[in-house]
Amino acid sequence: MFWADRIAESIEKDRAKDIAAGPLVIRDEKTASGRVHVGSMRGAAIHGLVSQVLADKGVANTFYWEINDFDPMDGMPVYLDEAVYRQYMGKPLYTIPSPDGKAKNFAEYYGEEFAGVLKDSGFYPTYYRASELYLSGRMNEAIRIALEKAEDIRRIYKEVSGSERADTWLPLSVVCEKCGKIGTTTAVSFDGEKVTYRCEAKKVEWAEGCSHEGSVSPFDGRAKLPWKVEWAAKFKVMNVMVEGGGKDHSTKGGARDVANRISREVFGYEPPFDIPYEFFLIGGKKMSSSKGRGSSAREVADLLPPHIFRLGLLSKDINQAINFDPEGDTIPVLFDLYDRLAEKYFVGETDDHVRMLVLSHKPEDQKSIPRRFLPRFSLIAFLVQMPHLDLFVEVEKMKGSPLTQEDKEETELRALYAKKWLEECAPEDFKYELAKELPEAAKSLSPEQKKAVKAILEYVEANPILDGQLLHTALHEMRKALGIEAADFFSAVYLSFLGKPSGPKAGWFLSVLERELLLSRLREASS
């Protein structure tokens, strides 16, 4: 069973009463502290896909996505001018100016960019902002309860995670009335109506407090809960019934365990159905929005058509990490995966792989996926680097029959993204440029390699019209007859034309070269 169907089935069993009572609430969030990295798309895709599958099964639900704009700015994104933004460190994100001077605020600028990626990828949550919860007063009761039960929260922290808090510690950060910072304040006491606090100059390394001391009502956006307490509070305030999180939060004694206990014991609310999932990695590394590691969701999404991007997000089970490396072979491998799944879909198969193929498309496109010829992406990436070739003519040769309009549209789409990939991040192994003259590397071919090139020359001279597949078979027969290792045989071909020891499928590669160039180069390399 495909993972999204499996999870939906478990939710139906586990949350039958909630489903019967009304729309199921599914929630996820991201703090808009900078360009949202592509890793956050995994949570969005998991929650969004589960929401869709449940809806398709007749389970009414609402998928909420929170743009968390009430957290303090606690990191300096490497792409911002530190001289401009240093003064805002420690302030709530929604109070900080937008980098472009146009968006409503800092968080809105980055949150809207991420929302655009979700829309382009076919995920359509209902958005709200954390600041709206606080400023509207919806968090007031949770704040009051947390302050009144601070002792219970301290006990839960210790019992679940081993983290000890001082007996005077209160689960609250006040917005300083003087400097507007929230990351530098410490709540000292609560009298039932107001919180006494200090804005400490050296409380954190990333921001400097103003040393103001005061007393203020903690309600209506003048204070916020620490995130594990806040997480539990949002379960209740938003009536959340389904919400997963990354595996780092779901380990024993981790943030989810703490939030679950606080939810039950402090707020009296049964925690949501959990969906713990593995990370989305870039080149094997977890990413950070502010530290500049990895790629933003926008940058990665722009490298792929939406259905291939979605396939990258949903092709692995939630307990498997996704390792996306745009500078490696991830992109051509994803296209190849799609093509294999599409072959099964086009002949009417109905297994989990076909289910994955269907769900890789946007919901509005899933009922009608047009049959079309799918030229291999790596071959298209080669063709777009050969200006003497007509793309449609070469793809028609691959297909073996005239191209339909759908075939041409698919070819153009793949050519567009192949060019983008080659320009922005493809490894050198996929970049080919025909050498205008015999490369230096080809001038030192071994005697065996020169014999191989000579054999190829004789074949080409005897066959005025070359068929890529027939030539490919012939090359392997030549190699065996000559008793040459495959690596030596084929590297002789690529060194002669590209100046590098590897390249695209050799038979097809040679068959699409201009005949005069092909003959003259083979003669020169074999002499």
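Figures for the structure shown
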{"item": "Charge dipole (the range 299-362, unit charges on Cβ, about Cα centre) - positive-most of Gly312, Ser360, Val300", "result": "Ser360"}
{"item": "Where N is the number of residues in the range 167-211, Cα Rg divided by 2.2 N^0.38 Å", "result": "1.10"}
{"item": "Between the range 112-176 and the range 463-489, the Cα center-to-center distance that results, in Å", "result": "66 Å"}
{"item": "Cysteines in the chain that, by Cβ-Cβ distance, have no pairing candidate under 4.7 Å", "result": "Cys425"}
{"item": "Stretch gain in nm, segment Arg138-Lys399, where the contour uses 0.36 nm per residue and the Cα spacing is subtracted", "result": "87.9 nm"}
{"item": "Whole-Å semi-axes of the range 381-426's equivalent ellipsoid (Cα gyration tensor)", "result": "20, 12, 7"}
{"item": "Long-range HN-HN contacts of Ile275 with modeled amide H, under 5 Å", "result": "Glu243, Gly244, Gly245"}
{"item": "Förster-model FRET efficiency, 25 Å R0, Glu423 and Asn319, C-beta, rounded to 0.05", "result": "0.10"}
{"item": "Restricting the range 409-463 to GluC sites (Glu not before Pro) in coil, as DSSP defines it, with at most 11 other Cβ within 10 Å", "result": "Glu433, Glu437"}
{"item": "Relative contact order of the chain, defined on C-alpha pairs under 8 angstrom at six or more residues apart (%)", "result": "12 percent"}
{"item": "Set of the range 251-276 residues, backbone N closer than 20 Å to the point 7 Å along the Cα-Cβ line of Lys17", "result": "260-275"}
{"item": "Folded to 0 to 90 degrees: helix 515-526 orientation relative to the chain principal axis, Cα", "result": "80 degrees"}
{"item": "Low-density loop positions, chymotrypsin sites (Phe, Trp or Tyr not before Pro), the range 40-103 - DSSP coil, at most 11 other Cβ in 10 Å", "result": "Tyr79"}
{"item": "Inter-probe distance in nm under a simple model that places probes 7 Å from Cα toward Cβ, at His388 and Glu524", "result": "1.2 nm"}
{"item": "On Cα atoms only, tilt of 330-346 relative to the major axis of the chain in degrees", "result": "80 degrees"}
{"item": "Ranked packing of 31-42, 246-257, most packed first, by mean Cβ within 10 Å", "result": "31-42, 246-257"}
{"item": "Mean projection area, nm², convex hull over Cα of the range 406-496", "result": "8.1 nm²"}
{"item": "Using alpha-carbon coordinates, inclination of helix 468-482 to the longest axis of the chain, degrees", "result": "70 degrees"}
{"item": "Gain upon complete extension [Glu343, Glu177; 0.36 nm per residue less C-alpha separation]", "result": "53.4 nm"}
{"item": "FRET efficiency estimate (nearest 0.05) - Cβ-Cβ, His472 to Ala83, R0 35 angstrom", "result": "0.05"}
{"item": "List Met73, Met1, ordered by accessible area with a 1.4 Å probe, largest first", "result": "Met1, Met73"}
{"item": "Peptides 342-355, 189-202 ordered by average Cβ neighbours within 10 Å, highest first", "result": "189-202, 342-355"}
{"item": "Whole-number D in µm² s⁻¹ for the range 249-401, Kirkwood Cα-pair radius fed into Stokes-Einstein, 25 °C, 0.890 mPa s", "result": "131 µm²/s"}
{"item": "Projected area averaged over orientations for the chain, convex hull of C-alpha atoms, nm²", "result": "30.0 nm²"}
{"item": "Alpha-carbon Rg with Dmax, taken over the range 95-186, Å", "result": "17.8, 49"}
{"item": "Highest-first arrangement of 238-244, 170-176, where packing means the average Cβ count within 10 Å", "result": "170-176, 238-244"}
{"item": "Per-q log10 I(q)/I(0), the range 302-373, q = 0.11, 0.12, 0.23, 0.25 Å⁻¹ (Debye; single scatterer per alpha-carbon; no solvent)", "result": "-0.26, -0.31, -1.11, -1.27"}
{"item": "Filter on Lys408/Lys500; Lys158/Lys181; Lys30/Lys104; Lys419/Lys443; Lys17/Lys247; Lys30/Lys228 - keep pairs with C-alpha separation over 20 Å", "result": "Lys408/Lys500; Lys158/Lys181; Lys419/Lys443; Lys17/Lys247"}
{"item": "Simple label model, 7 Å out from Cα along Cβ direction - Asp352 to Glu9, nm", "result": "1.0 nm"}
{"item": "Debye intensity ratio in log₁₀ form over the Cα atoms of the range 430-478, taken at each q of 0.23 Å⁻¹", "result": "-1.05"}
{"item": "Range of Cα positions in the range 1-147 per principal axis (Å), largest first", "result": "54, 38, 22"}
{"item": "FRET efficiency, 1/(1 + (r/R0)^6) with R0 35 Å, evaluated for Ser161 and Tyr127 via beta carbons", "result": "0.65"}
{"item": "Whole-number percent relative contact order across the range 223-351, with pairs defined as alpha carbons under 8 Å at least 6 apart", "result": "21 percent"}
{"item": "Accessible area per residue, Å², the chain with all protein chains present, probe 1.4 Å", "result": "45 Å²"}
{"item": "P(r) weight above 21 Å for the range 163-262, C-alpha pairs, percent", "result": "43 percent"}
{"item": "Chain lengthening between Ala60 and Glu327 when straightened (0.36 nm per residue, less Cα-Cα)", "result": "92.0 nm"}
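The values are calculated or read from the model by the stated rules, or taken from the named source; none is laboratory data. The model shown is predicted, which means the values in this text are computed figures rather than measured ones. When we count neighbours, we look across all protein chains shown, and the Cβ atoms used for this are built from the backbone with ideal geometry, even at glycine. These accessible areas exclude ligands, DNA and RNA; they are computed on the full protein's heavy atoms, side chains included. Shrake-Rupley method; radii C 1.70, N 1.55, O 1.52, S 1.80 Å.
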